[in-house]
Amino acid sequence: MKKYFLLASFCLPALLGLGQARFYNTVRIQYEKTVAVKALYKEIASDWYERIKDQLPQSSLSYYEFVGDTAHSLYRQSKETPYDPKSFYRPIGDNNVVYNDYRKGITISQKPIFEETFLLQDSLLNIKWKLTGDTRIIAGFECRKAVGILFDTVAVFAFYTDELTVTGGPEGIQGLPGMILGMGIPRLHTTWFATQVQVVDVKTQSLAPATKGKKVDRQTMFKSLDKVLKDWEYGKKLILATMI
Amino acid sequence: MRKLTAVLLVFLFSCLAANAQSASIKGTITDTLEKKNLSHAVIVVLTKKDSSLISFARSDNRGIFSIPGLAPGDYLLMVTYPGFADYADDLSVQPGDSRDLGVIAMTPKSKILQEVVIRTGSAIRIKGDTTEFTADSFHVKDGATVEDLLKVLPGFTVNSKGEITAQGKRVDKVLVDGEEFFGDDPTVATQNLGAKIVDKVQIFDTKTDQDKLKGIGGGSDTKTLNIKLKEDAKKGYFGKLEAGTNLNQYTDAKALFNRFVGKKKLSLYGTKSTTSTGSLGWDDRNKLGIENDYEYDEIGGYYYSFGTNDDFSNWSLQGLPNAYSAGGLYSDKWNGDINSLNLNYRYNRLGTTNVGSTLKQTLLQDTTFYNNESTRSSGVKQQHVASGKYDWKIDSLATLTFRSTGTYKTSQSSTHTSSEALDENHQYVNTGDRTNDLNSTHKQLDNQLTYNQLFHKKGRQLIATFKYSLVRDDNTSSLFSNNQFFKKGILDSTSITDQSKIGQGDSRTFGTKVTYNEPLTKFFNLVSEYSYNDNHSTSHLNTYEKDGDGKYTVLDPLYSNNFDLHAFSHTGTVTLRYLNKKLKYAFGGGLSAIQLRLNNLDHSTRNIYNFTNFTPQAQISYNLKAQTSIGFRYNGTTRQPTLDQLQPIRNNNDPLNIQVGNPNLKVGFNHSFNAWYNSFKILSSRYIYMGAGYNILEHSITTYNTIDSFGKVTSMPVNVNGNNNWYLYSGWQLGQGDKKLTHGMDLNLNGGRNVTFINGQQSINSYASFEVGYRMGYSVQEKYNFSLNPQLGRSISSSSLRKDVNNNYWTYGGQVNGFLMLPGKVELNSDVNFDLRQKISAFDRNTNIIVWNASLGKKVFKDKSGKFIFTANDLLNQNKGYSRIINSNFVTDQRYQRVGQYFMLTFQWTFSQMPGKN
């Protein structure tokens, strides 16, 4: 956590203070995504887990970058996850390239899964958010905790800050009054935390969605994944990791 | 996921209903302290019921905001601004309202330091931010719940609604053994679990799920309670009983039981069968945890298990069985899984009776022999196997494993064989009758100690293994044979053998292996291995003939062998491995020095054989894209002659087929080339696989057969060049899952060239076979399914000695399987297997077998735990054991008995009691 504070203090021109709140309309955020691999596998297949647990890492880290303003944003992997030949864990849904247009309320997202690369074009994800009174500081910003329900069944815990006026977040998660800097989806045993927030000298004019892939809407993509993967515990996680 | 589908669809098609009567609100946000308007403040409208976010806005430069499009109703208005306390107020809007909320004043946040009182005591421990109470230290009445226990714990209060306050903070989460207990209502756990089963109560600050995953806590004003149950409170059992009979000669019964108490697990099973060997299926074995004995190759990065070549598996069953088996498994882990123990015992008893026949055709250059043989046999095999495995994780880097297995096997059998050999004119060459009786015991003890050490440098690893085994064999057998030999169809001579044999063998093996992996770079690893193996064995086999008193005391030195053998080897291997996401390759080689010192105790001679074996290997594989890979492998293997090939134990159990040794055998060498391609498209469920391989054998060991005019075959191993074989397999499959047509094709080819010798003449035998199959299936769960799998194949072989003989034939057949749920939830299953072969000139027996099995099943009881099954096995009564082997100049057609047609009624009952279930 100390590391995050340090990084944040380099990037933030001013630290928090009474009445000195500043607001930023453009951001470049580095996220660290953590998958609790052991917990994930234990849930997917507890018998199998008992056998392979020594060959699984406790957690797996990957890195993402979010660049955007109040009009649009792009979220994508910033560096490739190091390959560990000995690990039984292979990342899932880790190469989504999410472009959100907040004015039009649409998303254009590239989602590679197995042999297919989908180019999802649909409205922004509809998430039922509940706000709580909990706050915590992430990357130097005070964030409020919100609990979201996605697809009516999937819980999303998000920490957003009022100080960044972009209403985005990791992957396709958005719709809160401020920028999401910390997020957890227990069903995927995954968290995303901002490690670095840059608010000056961020160019957002040239942000553009990915263009390659099979054009689908959310329903079509879901159907084509669901018909093959639904009877498979790992497959269900894959569907969710791809749909968010 | 179905629910997710439905919900998702609703979401996708729902759009916000434009409401003509929608209301709007506006207002201004100010700072009470500095009396200035606040811009960028977040104004959110939440539902009053559950704080769901309805809409939000930001205040502008002048602190003014407006939120349009609100449906009429009761809301909560919340205003937030960094560094200020949240403002919240009720908001009620009427249809068509346009409300001005006026000025909303925000107050800066003031910090309140909270003190935490730490209590100590023998029953209370504080670890980091966790306070732990030992439940048994606090007295509660019998039948008390966890809630009653909490009421007596220091610092806890529980109100009438069951809400808990601990250390001045609200408890918002109750976990049982670190996991949520039936959702997040804390009272479910506290009011339903008995206090007696609680080991410890832990209280700590509530962390978000993210914190928990990351192990980092954030500030929080609520507490989480974790109730740790006593190990023995995690109890449960499950089992299965099954019994079936045809009210006549066939009965099958099976009982399985598994009980677990915490990490202790006990499984017991017993079976009896007259239709199979009674060995448990994979499913049952897995349930009982018997199949869990996998090993992981740390260096290679793959799993393996030693397949025990079992005399009691259904695969090797010939004849009619009468089988019993029983076993048990106990496992436990303790000390936080640092120590674990597995104990395993099983007993098998398999009695079989068999009537079989073998037809054999021997093709010589100038003539053809026919051998017809019929056997009647009966026997009983029994075995007791006890094994144990103990694992000790010494620390985070070192592990010690000890495993030990003891086996005791006995076998009694009696076989009567009648044989006749005919020449090409179908005139007798020889006829014979023989009876072999055998009584044997086998005792074996294997011990293995493995030490595994990891290092702080990632990837560096040392594994040392020590093995020690003891084997003792005792057997007695008797042979009575009467053979007549003919010349031109006229009896020429008779030979009678009446002998008793006593055998005894002892073997002691010590072995050690050390493997070391050194990561050279991120992607390169160097694996070095050294092993030493040392075996001392003695073998005594003495054959006695009858003396004048009819007792077997006269030694027959020709068929008596007594020797001791000392064999030892040193082996070193070095492999360089490269592993990356797309490309993987490895190459290296091994060298072993082997010495066999053979003392012949009968002749007091000593032979020393030295062999040097070399094993080069290389492998490369490349991932073309996701789920598509291509690879190539080369292996070079030395083929060392076996002791039997160098100096066989002279054996006259079948006086018409005699094996002799060849001490001049050279070491053979096998070059093996393999290539493969796999492509799996998961979303479109398409799978393509193919592979091909080619083996060239240098100095390969083949047989030199000498057949005398009486049809007696003497075989001797010799070295030969020019042997090779090849194979190709490929398949394509499309579709999978419920309500989808799945179909596929596969094609397999193989062939080769074998050189053998018959009566001094070289015989070059070429063979090839191909098989093509098509599969299709369709299933609707709980309703019906069917699958169809026709197959066509052809087998081709030729011998240079007999170009005139045609042993080529077609095979065709396949399977048809189906399931149908009949009215009244009666399940009908049917499967038919067609195995049809073209007759070849050598044999005129019917070679077509069609086996049709069917069953009707009905589940009974409210929880469907019982099931009646009526089985019809082999409806067409054609189930015969059959195998055909075409081997250079011999064509063999073998038949044996199998359980044929029967009708059986079986009842199955499964039961279970799991924790948390009543």
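Orientation-averaged projection of the protein assembly as shown equals 56.7 nm² [convex hull of Cα atoms, one quarter of hull surface area].
Normalising the average separation of contacting C-alpha pairs (under 8 angstrom, six or more residues apart) by the number of residues puts the relative contact order of the stretch B:775-888 at 18 percent.
Residue separation of B:LEU601 and B:ALA618 scaled by 0.36 nm, minus their Cα-Cα distance, works out to 1.7 nm of gained length. The order of B:ASP547, B:ASP199, going from fewest to most other C-beta atoms within 10 Å of their C-beta, is B:ASP547, B:ASP199.
What does the convex hull of the Cα atoms come to per residue for the stretch A:32-138, in Å³? Spell out each step's value before the answer.
Values: hull volume 18.1 nm³, N = 107.
Hull volume normalised by residue count: 169 Å³.
Counting neighbouring Cβ atoms within 10 Å and putting the fewest first, the residues A:TYR99, B:TYR809 line up as B:TYR809, A:TYR99.
Reachable aspartates and glutamates from B:LYS26, Cα under 17 Å, same-chain residues fewer than 8 places away excluded? Partners found: B:ASP60, B:ASP74, B:ASP89, B:ASP90, B:ASP97, B:ASP100.
With the radius of gyration and the Kirkwood radius both derived from the Cα set of chain B, what is their ratio Rg to Rh? Please list the in-between numbers first.
Working: Rg = 38.7 Å, Rh = 36.0 Å.
Taking Rg over the Kirkwood Rh, I get 1.07.
A quarter of the convex hull surface defined by the alpha-carbon atoms of the stretch B:440-495 gives 9.3 nm² as the mean projection. For the residue pairs A:LYS53/A:LYS223; A:LYS42/B:LYS389; A:LYS230/B:LYS625; A:LYS42/A:LYS79; B:LYS240/B:LYS263; A:LYS42/B:LYS228, the C-alpha atoms sit more than 30 angstrom apart in A:LYS53/A:LYS223. Each Lys and Arg contributes +1 and each Asp and Glu -1, all at the Cβ; summed about the Cα centre of the stretch A:120-244, the dipole is approximately 460 debye. About its Cα centre, the protein assembly as shown has a charge dipole of approximately 1820 debye under the convention of +1 per Lys or Arg Cβ and -1 per Asp or Glu Cβ, with nothing else charged.
Number of Lys-Lys pairs in the stretch B:786-918 with C-alpha atoms under 29 Å apart and a separation of 8 or more places or on different chains: 15.
Using 0.36 nm per residue and subtracting the Cα-Cα separation, the extra length available between B:THR494 and B:ALA626 on full extension is 40.3 nm.
Rounded, prolate or oblate: which one fits the stretch B:789-918, using the alpha carbon gyration tensor with axes a ≥ b ≥ c (rounded when a/c is under 1.5, else prolate when a/b beats b/c, else oblate)? Prolate, because a/c is 1.5 or more and a/b exceeds b/c. Taking the number of Cβ atoms within 10 Å of each Cβ as an exposure proxy, the fewest-first ranking of A:LYS104, A:LYS33 is A:LYS104, A:LYS33.
Between the listed residues B:ASN765, B:GLY711, B:MET106, the Cα displaced farthest toward the positive end of the dipole of chain B, a dipole computed from Cβ unit charges relative to the Cα centre, is found at B:MET106. Normalising the average separation of contacting C-alpha pairs (under 8 angstrom, six or more residues apart) by the number of residues puts the relative contact order of the stretch B:642-725 at 31 percent.
For the stretch B:400-466, count the residues as N, evaluate 2.2 N^0.38 Å, and divide the Cα radius of gyration by that value, please. Present the calculation step by step, with values, prior to reporting the outcome.
Details: Rg = 26.9 Å, N = 67, 2.2 N^0.38 = 10.9 Å.
Dividing the Cα radius of gyration by 2.2 N^0.38 Å gives 2.47.
Note on the stretch B:453-579: Rg/Rh from C-alpha atoms, Kirkwood Rh, equals 1.36. The shape of the stretch B:679-733 can be summarised by an equivalent ellipsoid whose semi-axes, obtained from the alpha carbon gyration tensor, come to 45, 15, 6 Å from longest to shortest.
Sorted from greatest to least, the principal axis extents spanned by the alpha carbons of the stretch A:203-244 come out as 43, 19, 14 Å. How charged is the neighbourhood of B:ARG259? Take every other residue with its Cβ under 11 Å from the Cβ of B:ARG259, and add Lys/Arg as +1 and Asp/Glu as -1. Local charge sum for B:ARG259: +3. When you restrict to C-alpha pairs under 8 Å that are six or more residues apart and normalise by the size of chain A, the relative contact order lands at 24 percent.
Counting Cβ atoms of other protein chains within 10 Å of each Cβ in A:157-169 and taking the mean gives 2. With the charge dipole of the protein assembly as shown set up from +1 on Lys and Arg Cβ and -1 on Asp and Glu Cβ about the Cα centre, the Cα lying farthest toward the positive end among the listed residues B:ASN748, B:LEU150, B:GLY239 is that of B:LEU150. Report the one residue of B:THR134, B:THR642, B:GLY793 whose Cα lies farthest in the direction of the positive end of the charge dipole of the protein assembly as shown (charges on C-beta: Lys and Arg +1, Asp and Glu -1; origin at the Cα centre). Checked the options; the winner is B:THR134.
Sorted largest first, the spans of the alpha carbon positions of the stretch A:91-168 along the three principal axes are 43, 28, 26 Å.
Mean residue ellipticity, 222 nm, helices only, chain B: the sum of -39500 (n - 2.57) across DSSP H runs of n ≥ 4, divided by residue count and rounded to 500, is -1000 deg cm²/dmol.
Between the helical axis of B:2-13 and the dominant principal axis of chain B, each derived from Cα atoms, what acute angle in degrees is found, rounded to the nearest 10? Rounded to the nearest ten degrees, it is 50.
Quick note: the coordinates plus some simple rules give every number you see, no bench work behind them. Since the structure is predicted, the reported quantities are computational estimates derived from the model, not experimental observations. Backbone-built Cβ (ideal geometry, glycine too); neighbour counts: all protein chains shown.
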